[in-house]
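Here is the structure we will look at.
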Amino acid sequence: MDTIVYGFADSPFGSIIVARNHEGVCDLQFLGFDRHRVIHELGTRWGIYTPTTQNDDMAQQVERLLFESALSLPNPISTAIPLCPKGTAFQLQVWGALRDIPFGTTVTYQDIADRLGRPKAVRSVATAIGENPIAVLIPCHRVIRKDGTLGGYHWGENIKQQLLDWEKREREALTERK
């Protein structure tokens with residue numbers, strides 16, 4: 001049986017929990033105010049009998065790579081950290097498409113459905129995006145509605161807007177340095 005190693009770290013956008021197994025990060029969530037609810041979600045997703053170990057150093061390393069070193073990587077965030085999301089074949093397909101969205105840009109739910117060759121599956125795509133267990137590393141925050149509004153975000157629209165604003169600033173700063 002696989003052991004899940006999880007830990008907590010502070011990010012520029014609030015506290016996070018990061019969980020990984022031997023294959024890679026399998027969960028990354030913003031904690032909000034209810035740490036116990038997030039730990040319960042982790043247990044529900046991976047099974048309450050899955051052995052766990054707490055390691056905050058691991059979570060802090062992921063946080064540093066994610067938010068402090070992101071722009072020094074060849075393809076920021078999207079491929080630098082191995083991932084192991086757990087989902088249906090369709091969810092994994094959608095989450096894979098999200099990882100191709102460039103840092104500091106946005107696409108629509110329709111764009112993702114079109115990329116998958118399923119233009120009528122916008123609602124299914126939106127549902128899969130909403131069930132993404134790995135915040136930021138699978139950048140569901142980069143998907144907005146066709147009308148330009150944010151749409152939902154599991155961890156709240158406020159954090160989604162903050163992430164988008166941060167990525168835009170970082171991308172512009174990187175462009176100015178070149």
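The values are calculated or read from the model by the stated rules, or taken from the named source; none is laboratory data. Here the structure is a predicted model, which is why all the values come from computation and not from measurement. No Cβ is skipped: glycine too gets one built from the backbone with ideal geometry, and neighbour counts run over all protein chains shown. All accessible areas refer to the heavy atoms of the entire protein, side chains included, with ligands and DNA or RNA removed. Shrake-Rupley method; radii C 1.70, N 1.55, O 1.52, S 1.80 Å.
What to note about this one:
- Length gained on full extension, ALA89 to THR50: 11.8 nm, using 0.36 nm per residue less the C-alpha separation.
- Other-chain or far-sequence residues with amide H under 5 Å of GLY32's (modelled H): SER15
- Total lysine pairs under 17 Å (Cα atoms) in the chain, excluding pairs fewer than 8 apart on one chain: 4
- Relative frequency of Cα-Cα separations exceeding 16 Å in the stretch 1-54, percent: 36
- Normalised alpha carbon radius of gyration of the chain [divisor 2.2 N^0.38 Å]: 1.01
- Solvent-accessible area per residue in the chain equals 52 Å², computed with a 1.4 angstrom probe and all protein chains kept.
- Take every pair of alpha-carbon atoms less than 8 Å apart whose residues are at least six positions apart; their mean separation over the length of the chain yields a relative contact order of 22 percent.
- Carbon and sulfur %, accessible surface of the chain computed with the full protein complex present, 1.4 Å: 50
- Residue-averaged [θ]222 nm for the chain, counting only DSSP H segments that reach four residues, each worth -39500 (n - 2.57): -12500 deg cm²/dmol
- Note on the stretch 134-178: Cα convex hull, mean projected area over all directions, 3.7 nm².
- Charge-dipole axis of the chain as Lys and Arg at +1 and Asp and Glu at -1 on Cβ define it, positive-most pick from GLY148, THR53, GLY96: GLY148
- Under Karplus coefficients 6.51, -1.76 and 1.60, residue-wise ³J(HN,Hα) of the stretch 85-98 in Hz, glycine/proline x: x, 10, x, 6, 4, 5, 4, 4, 5, 4, 5, x, 5, 5
- Interchain or long-range residues, amide H under 5 Å from ILE134's placed H: LEU28
- Electrostatic tally near GLY151: other residues with Cβ closer than 13 Å to its Cβ, Lys and Arg +1, Asp and Glu -1, net +2.
- Under a 5 Å amide H cut-off, with hydrogens placed 1.01 Å from N, GLN54 pairs with TYR6 among residues at least 5 apart or on other chains.
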